[in-house]
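Below is one structure, written out as structure tokens; the observations come after it.
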Amino acid sequence: MASVALLLGASLPAQAQFAKPEDSIRYRQSALFVMGQHFQRVGAMVNGRIPFDAKAAAENAEVVAAMAKLPWAGFGPGTDKGAPTKAKAEIWTEQAKFREAGEKAMAETAKLAAAAKTGNLDAIKAAFGATAGSCKACHDAYRAQ
């Protein structure tokens, strides 16, 4: 957890890299989009919509875990406006809880990547469910539908 806190803290200087709030918003939305695309690929295998491919599952889960570290730098002060966004105001008024949700998501995506490396579909299914639950909890609390 300390490393996650450091990662989130390290993202603060990254905010200065964004020239405008809309750049920050696009950055976080892009990171979340890419993460979601790769997560859906694993989900399609887990749910039997496409044939299970252990190599593809591991590759996609690794991308999910890597991308899960990125969007947090895009939630800096003043980035609640500037471009269309589904981010709720609670992100900025409940920063500790939001940070906790981000830490949980990063932890679960790391577990998913580790499970996918085993090639064991049952392990991947369990980790996928936990990861999906952490995503849903964050979206329910901090994303407007």
- Query: Consider THR93 against the criteria (1) surrounded by fewer than 15 Cβ atoms within 10 Å (Cβ to Cβ); (2) more than 16 Å from the chain's Cα centre (by Cα); (3) over 26 Å from GLN17 (Cβ atoms): it satisfies all of them except one. Which criterion is unmet?
  - Reply: (3)
- Message: Going residue by residue through the stretch 82-90, is there one that turns out to be in contact (Cβ under 8 Å) with a residue 60 or more places away in the chain and either part of a helix (DSSP H, G or I) or acidic (Asp, Glu) (or both)?
- Response: no
- Message: Return the residues of the stretch 60-81 that are in a helix (DSSP H, G or I) and either among the charged types (D, E, K, R) or without any contact (Cβ under 8 Å) to a residue 60 or more places away in the chain (or both); say none if nothing qualifies.
- Response: ASN60, GLU62, VAL63, ALA65, ALA66, MET67, PRO71, GLY74
- Message: Whether any residue in the stretch 45-62 is closer than 29 Å to SER24 by Cβ, buried (at least 17 other Cβ atoms within 10 Å of the Cβ) and β-branched (Val, Ile, Thr) is what I want to check.
- Response: no
- Would you say ALA132 is among the aliphatic types (A, V, I, L, M), at pLDDT 95 or above and touching a Gly at 6+ places or on another chain (Cβ under 8 Å)? yes
- Just need a number here: residues in the stretch 92-132 that are closer than 17 Å to LYS69 by Cα, acidic (Asp, Glu) and free of Cβ contacts under 8 Å to residues at least 60 places away in the same chain. 2
- Specify the residue that is farthest from ARG143 (Cα to Cα); the eligible residues are those in the stretch 34-54 that are without any contact (Cβ under 8 Å) to a residue 12 or more places away in the chain and in a helix (DSSP H, G or I). ALA44
- (1) among the small types (Gly, Ala, Ser); (2) within 25 Å of PRO21 (Cβ to Cβ); (3) more than 13 Å from the chain's Cα centre (by Cα): which one isn't true of ALA73, the others all being true? (3)
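The values are calculated or read from the model by the stated rules, or taken from the named source; none is laboratory data. On a predicted model such as this, the values are computed, not experimentally measured, just so you know. Heads up, the Cβs are rebuilt from the backbone with ideal geometry, glycines too, and the neighbour counts pull from every protein chain shown.
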